[in-house]
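These notes concern the structure reproduced below.
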Amino acid sequence: MTDLSDPILLVRPPRVWFGSGVAARVGPWLAAMGCRRILVVADAFNAGRVACLALEGTVTVYGGITAEPTTADLDAVTAAALDCGAEAVVGFGGGSAMDLAKLAAVLPGSGQTLAEVVGPELVKAKRAVLVQVPTTAGTGSEAGTRALVTDPETFAKLAVQSEHMLADLAAIDPDLTLSMPAAITAATGVDALTHCVEAFTNKKAHPAVDVYALEGIRLVGRWLPRAIADGADRAARAGMALASLYGGYCLGPVNTAGGHAVAYPLGTRHHIAHGAANAAIFPHVLAFNAPAVPERTAQVLEALGLSRETDPAAVLAAAYGWCERLGCTMRLRDFGVPERDFAVMAAEAHAIRRLLDNNPRDLGRDDIAAIYAAAH
């Protein structure tokens, strides 16, 4: 944990619109910015409701985004941006759409390849206005400067971080999440939770970010069960949209840690949705880390409305039961993950040093394999 006087850089989108109906402000704002050629990056479902953005000018919709996007998906999106001469790029969907929108705003016509920008601050410039409009309440990608793309040959997550990929406008309209099914609401909601939890229990945890992390956890504890029980509950949807945004605020200056590193191979190798993978892993990593950060672990449980616990077994039981009551799939066997893959997945997760080096307790390969076994 860092001290209040330790330096930290906080980067936020310069414009954040939050609330019911703000999606319709995107088009007029882009028109006022002089953007007439617009590329919308979306999944198939959201490609069918682009009209809610009230876009003007020539609008090209790329609607082929799927979960865990690969380098081939990025190639298709950047080709679309070049073909339409995009002056603005709108990410319209979950984290996958928004991550690829970030890269589509900086790579086409830049002369830089993906390989040349993997890592921190290697992008030369922003080449198009970037707007992010989340339609789930989980990733917080609308607030951040990082994009992830999977290499299908190595199963590695390629992470690009650049302030040039910060949205010029983030329009967070909770009404866009009203159509999310309960299972997706649960999984994406736990993703938002883990962003906050992993930042709060992080080696680099900082008081300037703790305020967002702890309030984000409280928001999830209060509103996620309600959003799952009644998808039309506007207050619950707004509460979760705010929790997701706060989780996004945690990602830049502090970032996630062991939980995300352990969850990533489940997505890249077994195509388990990111939020669902996080839900299955979250209780186990929280319990593993408890001896290193007992007070903060107790605060996490308390913020979720659970009893304060510090004993790893009690922490695991509390967090596991909470996720299970939400309807999350908690056993890796139910996703079809074979035990024979534990060793290779542990090696892949252990190689993600940008996250594991943040973890409050050292996670070795054997520890990671043991977590997979316990979650199986």
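Some points to look at:
- From the options LEU74, LEU103, LEU82, residue that is of a type in the set (A, V, I, L, M), in contact (Cβ under 8 Å) with a residue 12 or more places away in the chain and farther than 21 Å from THR139 by Cβ: LEU82
- Residue match in the stretch 259-270 (condition: buried (at least 24 other Cβ atoms within 10 Å of the Cβ) and within 20 Å of ALA303 (Cα to Cα)): yes
- Within the stretch 300-319, considering residues that are in contact with a Gly (Cβ under 7 Å, 6 or more places away or on another chain) and not in a helix (DSSP H, G or I), the one surrounded by the most Cβ atoms within 10 Å (Cβ to Cβ): LEU304
- Flag if THR136 is hydroxyl-bearing (Ser, Thr, Tyr), in the same structural domain as SER162 (by TED's automatic domain parsing), buried (at least 24 other Cβ atoms within 10 Å of the Cβ) and within 28 Å of ILE217 (Cα to Cα): yes
- Residue within the stretch 222-242 that is crowded, with 24+ Cβ neighbours inside 10 Å, in contact with a strand residue (DSSP E or B) (Cβ under 9 Å, 6 or more places away or on another chain) and outside the structural domain of LEU53 (by TED's automatic domain parsing) present: yes
- Cβ pairs under 7 Å, 6+ apart, first in the stretch 271-296 and within 25 Å of THR150 (Cα to Cα), second outside any helix (DSSP H, G or I) and among the β-branched types (Val, Ile, Thr): ALA276/THR329; ALA280/THR329
- If you go through the stretch 109-154 and keep only what is in a loop (DSSP other than H, G, I, E, B) and under 27 Å from SER179 (Cβ atoms), you end up with THR135, THR136, ALA137, GLY138, THR139, GLY140, GLY144.
- Residue within the stretch 292-299 that is in the same structural domain as ILE352 (by TED's automatic domain parsing), assigned to a loop (DSSP other than H, G, I, E, B) and modelled with pLDDT of 95 or more present: yes
Yes or no, residue by residue, for (1) within 24 Å of SER162 (Cα to Cα); (2) outside the structural domain of MET165 (by TED's automatic domain parsing); (3) under 25 Å from the mean Cα position of the chain (by Cα):
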site	(1), (2), (3)
ARG36	no, no, no
ALA44	no, no, yes
CYS52	no, no, yes
TYR62	yes, no, yes
LEU74	yes, no, yes
VAL77	yes, no, yes
ASP99	yes, no, yes
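- Hits in the stretch 354-366 - residues which are closer than 20 Å to VAL197 by Cα and part of a helix (DSSP H, G or I): ARG354, LEU355, LEU356
- Considering residues of the stretch 7-51 that are among the β-branched types (Val, Ile, Thr) and either out of contact with any strand residue (DSSP E or B) (no Cβ under 6 Å at 6 or more places or on another chain) or free of Cβ contacts under 8 Å to residues at least 60 places away in the same chain (or both) only, the residue nearest to ARG127 (Cα to Cα): ILE38
- Unmet requirement for GLY275, which otherwise passes all of (1) assigned to a helix (DSSP H, G or I); (2) of a type in the set (Gly, Ala, Ser); (3) at pLDDT 95 or above: (3)
- Options PRO69, PRO120; residue that is under 22 Å from the mean Cα position of the chain (by Cα) and either aromatic (Phe, Trp, Tyr) or surrounded by fewer than 17 Cβ atoms within 10 Å (Cβ to Cβ) (or both): PRO120
- Subset of the stretch 29-44 (residues that are surrounded by 13 or more Cβ atoms within 10 Å (Cβ to Cβ) and under 24 Å from THR177 (Cβ atoms)): TRP29, LEU30, ILE38, LEU39, VAL40, VAL41, ALA42, ASP43
- Looking across the stretch 340-353, the residues that are part of a helix (DSSP H, G or I) and surrounded by fewer than 16 Cβ atoms within 10 Å (Cβ to Cβ) come down to ARG340, ALA343, VAL344, ALA347, ARG353.
The values are calculated or read from the model by the stated rules, or taken from the named source; none is laboratory data. Worth saying up front: this structure is predicted, and the values here are computed from it rather than measured. Cβ sites come from the backbone with ideal geometry, for glycine too, and all protein chains shown count toward neighbours.
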